[in-house]
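The values are calculated or read from the model by the stated rules, or taken from the named source; none is laboratory data. Keep in mind it's a predicted model, so treat the numbers as computed, not measured. With ideal geometry, Cβ positions are generated from the backbone for all residues, glycine too; neighbour counts draw on all protein chains shown. For accessibility, only protein heavy atoms count, side chains too; no ligands or nucleic acids. Shrake-Rupley method; radii C 1.70, N 1.55, O 1.52, S 1.80 Å.
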Amino acid sequence: MLRREGSEAILLLGPDEPRFWEIFAASAEYRDGAPDPLDRWSARVVGALAAAVGGTALFPLDGPPYAPIFGWAFATGRAWSSPVAMMVHGERGLWVSVRGALALPYPVDLPPPLPRPCTTCAAPCRAACPIDAFGPDGLDTARCHGYLDTEAGRDCLDRGCAVRRACPVGQDLRPPAQSAFHMRAYHP
């Protein structure tokens, strides 16, 4: 069980795909035109959930000090580092994200670990990047951003990262509009 000082359990929260996009796209945060709509929506929703269950809301970008979200995710037995050094989830593949966490003052029963999807996969993610921007240390962001500024880069910008799309796990979980939203946030 994941813990932090003063808590008995940490629950990581991510989008309930594929339902998430419809819910978020209807939100005031998405429609108001103000910056960082997903972070603001996450703060509102996770904050309300924390209050309802007597927990504390934690967010990946709150800090310093920052919550060790990736370490917690890897400790769950449900997420790992992929062949392209991105986090991969046993059911969501490379579409995994953590929008927040709940630190709870009481223990909870957690779901069992999942099988690691990459152990039996041919790793199409390794060859999916049209510009080979992924190396052993992860993504070369400067190279990626340069590519997204080109006409050829519109495919990734409009449909989502080709590497994420290549993962066979969770392909049916993210609508194209959601992928485009995330890519526009990454590459405004």
> Out of (1) touching a Gly at 6+ places or on another chain (Cβ under 6 Å); (2) in contact (Cβ under 8 Å) with a residue 60 or more places away in the chain; (3) charged (D, E, K, R), the odd one out for Glu17 is which?
Replying inline: (1)
> Does Leu102 qualify as being of a type outside the set (Lys, Arg), open to solvent by less than 40 Å² (accessible area, probe 1.4 Å), at pLDDT 95 or above and touching a Lys or Arg at 6+ places or on another chain (Cβ under 9 Å)?
Replying inline: no
> Do we have Ala123 as farther than 24 Å from Ile69 by Cα, out of contact with any helix residue (DSSP H, G or I) (no Cβ under 8 Å at 6 or more places or on another chain), exposed (fewer than 12 other Cβ atoms within 10 Å of the Cβ) and of a type outside the set (S, T, N, Q) here?
Replying inline: no
> Which residue, of Ala127, Ala122, is assigned to a loop (DSSP other than H, G, I, E, B), more than 16 Å from the chain's Cα centre (by Cα) and within 16 Å of Ala85 (Cα to Cα)?
Replying inline: Ala122
> With (1) part of a strand (DSSP E or B); (2) touching a Gly at 6+ places or on another chain (Cβ under 6 Å); (3) within 20 Å of His182 (Cα to Cα); (4) of a type in the set (A, V, I, L, M, F, W, C) as the list, and Trp95 as the residue in question, which single condition is left unmet?
Replying inline: (1)
>> I'd like to verify a number: residues in the range 172-186 that are in contact with a Phe, Trp or Tyr (Cβ under 8 Å, 6 or more places away or on another chain) and either open to solvent by 50 Å² or more (accessible area, probe 1.4 Å) or within 22 Å of Ala142 (Cβ to Cβ) (or both), how many?
In response: 1
